[in-house]
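What follows draws every value from the coordinates through simple rules; no lab data is involved. Nothing here was measured: the structure is a model prediction, and the numbers come from that model. In this analysis, Cβ positions are derived from the backbone assuming ideal geometry, glycine residues included, and neighbour counts consider all displayed protein chains.
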């Protein structure tokens, strides 16, 4: 067994400097050492320990740590997809991560996304508080980072501290205890923040120092791998490459992979078996994110590295799938192993729950982990765009629970061509936003449902019999009233201040037009059969809706949706009713 390089991903919000941090690390490795000391792999850059030592100078020596890691494998494809697609059984393939935060902008939506996924996978990480050079008054200096910060004028230093502790405070809201790296007392309990500038390179040596130290101290046992054994890996991306055709960018984390090896790849329905036609690495020092990058053919690769694999029959391969290299006699065992990893993520049950779709196996797993944490039930979880079958599966929930008649989609599109009013589709390129939107939608729908339930009840209302507005004394009595509070609806029963039931409101007229209801402040004419003005009621009387006890109790349950004047009327109605029945409405 040997120690492989730890795999490090760089995550964070768009435009906070993920690519720039990677470029600066790679650039520093090229500049600080002879060409070739940085080895490029597909989707990754391998920076050997000796190169890290040169970049860090005497910083690593101060740590007094014996380093056995051969270097660090940086994933060159920054962002969410690279991180979630790097999966293996039991968690994420990334051993460690750098979370990049713009020191001036702080925590943003994709920062939260990254934090949630890092926490879910229990991936250790450090924070690069980037764009230090854009702090007002910052003066670039060739000295080490901490000495440079101390040499700035008082106002600039104070600004750095303020911005830094705003980030610390915000991280605390997500249950993270963070501190500037030189003030960290316990790396197992605190997250180190390293101020950096990807533009000037300031803080990059310190970032590499902390990263290397953490990897060596806490990850050594997990980095043991069998370099000579059968290769295991995970698919980062599937691409169409000019001159190569359909190919897979794969991170190999165990063993050795050779041309002509047989590999088994996890599939959505069944495993895919293929033979390696060719292996490719980037040409030395080429820019991996440049579409014109040139590749060189190689005969074999060893863990941990990234490689482009050209093979036949890979049209249906998707990102995030596991691959295992195997001999012919062990193909069945390998098929079982890869497919069991896929089936851990892809779900199909007969139970009630949401339909979940994502663009890759890793993204689907990350989304499912967060949904399970929220106790949100899942009926079906698969990879790919939304189809007619997905709409049908979601719609089948409607009768039992309309709140689960929902499809959640990450980085996918709806190709069903069906517009079903029963099915709610929530899509986003940010996982936590999908969940937040779903939870918000549930809340809004429940409010609508409860509001419609309230509407079916006898509404609380208080009204005054206006003096001088008697239009008929009886059969039916018609007179003018003003709604003092609440809402008066037609067919409501009215009572007086003593709690005596008078009659039912047969009609309500406003400006000579019949209306169904009248709100607070309105003056309307009402007609009451079976009463005579001067006997059962008189001008100036205060009247209330005669509410059934069941309706009152329901209003009490849903009081969050009531206005203050509705609550006041309900209280007065209860007081009147309790004169005759002390436990009414309790």
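With contributions of -39500 (n - 2.57) from each DSSP H run of at least four residues, the per-residue ellipticity at 222 nm computed over the chain stands at -9000 deg cm²/dmol.
Residues of the stretch 86-103 falling in the label zone of residue 343, defined by backbone nitrogen less than 18 Å from a point 7 Å along Cα to beta-carbon, are 89-90.
Report the rotationally averaged projected area of the stretch 349-455 based on its alpha-carbon convex hull, in square nanometres.
Numbers: hull surface 26.4 nm².
Average of the hull's projected areas for the stretch 349-455 equals 6.6 nm².
Across all Cα pairs in the stretch 136-225, the calculated P(r) in 5 Å bins from zero up to the longest distance comes to 2, 12, 19, 22, 19, 13, 7, 3, 1, 0, 0 percent per bin. Available extension along the chain between residue 498 and residue 313 is 58.0 nm, counting 0.36 nm per residue and deducting the alpha carbon span.
Report note on the peptides 256-263, 414-421, 348-355: ranked by the mean count of other C-beta atoms within 10 Å, highest first, their order is 256-263, 348-355, 414-421. Counting only DSSP beta bridges with both residues in the stretch 349-455, the antiparallel share comes to about 0 percent. Taking the longest Cα principal axis of the chain as reference, the axis of helix 204-219 is set at about 90 degrees. Please grab the % of Cα pairs in the stretch 541-585 that end up more than 11 Å from each other. Beyond 11 Å sits 67 percent of the P(r) for the stretch 541-585. What does a probe at residue 246 reach in the stretch 306-320, counting residues whose amide N is under 11 Å from the point 7 Å along Cα→Cβ? From the stretch 306-320, the list is 311-318. The value for the stretch 447-506 of Rg(Cα) / (2.2 N^0.38 Å) is 1.31. Remark on the stretch 282-434: Rg and Dmax equal 19.3, 61 Å (Cα only). In plain terms, the residue of 274, 65 with the fewest other Cβ atoms within 10 Å comes first and the most crowded comes last, giving 65, 274.
Rounded to the nearest 10 degrees, the angle from helix 331-343 to the longest Cα principal axis of the chain is 30 degrees.
What ranking of 299, 108 emerges when the number of other C-beta atoms within 10 Å of each C-beta is taken as an exposure proxy, fewest first?
Sorted ascending by nearby Cβ count, the order is 299, 108.
Relative intensity of the stretch 174-288 on a log10 scale, I(q)/I(0) at q = 0.09 Å⁻¹, equals -0.46, per a Debye sum over C-alpha point scatterers of equal strength in the absence of solvent.
For the stretch 232-341, the Stokes-Einstein estimate of translational diffusion at 4 °C and a viscosity of 1.567 mPa s comes to 92 µm²/s, using the Kirkwood hydrodynamic radius over alpha-carbon pairs. Over the stretch 461-577, all Cα pairs binned in 5 Å intervals from 0 give whole-percent P(r) values of 2, 12, 24, 26, 19, 11, 5, 2, 0, listed from short to long. From least to most packed, judged by other beta carbons within 10 angstrom and beginning with the fewest, 194, 168 follow the order 168, 194. Subtracting the Cα-Cα distance of residue 2 and residue 464 from 0.36 nm times their residue separation leaves 157.4 nm of extension gain. Note on residue 239 and residue 172: their simple-model spin labels are 4.4 nm apart, each label 7 Å out from Cα toward Cβ. Relative to the longest principal axis of the Cα atoms of the chain, the long axis of helix 361-373 makes an angle of roughly 40 degrees. Over the stretch 2-224, the reciprocal of the mean inverse Cα-Cα separation, the Kirkwood hydrodynamic radius, stands at 17.5 Å. The DSSP beta bridges internal to the chain are antiparallel in roughly 70% of cases. Quick check: Cα centre of the stretch 187-238 to Cα centre of the stretch 399-434, how many Å? The two parts, judged by their Cα centres, are 37 Å apart.
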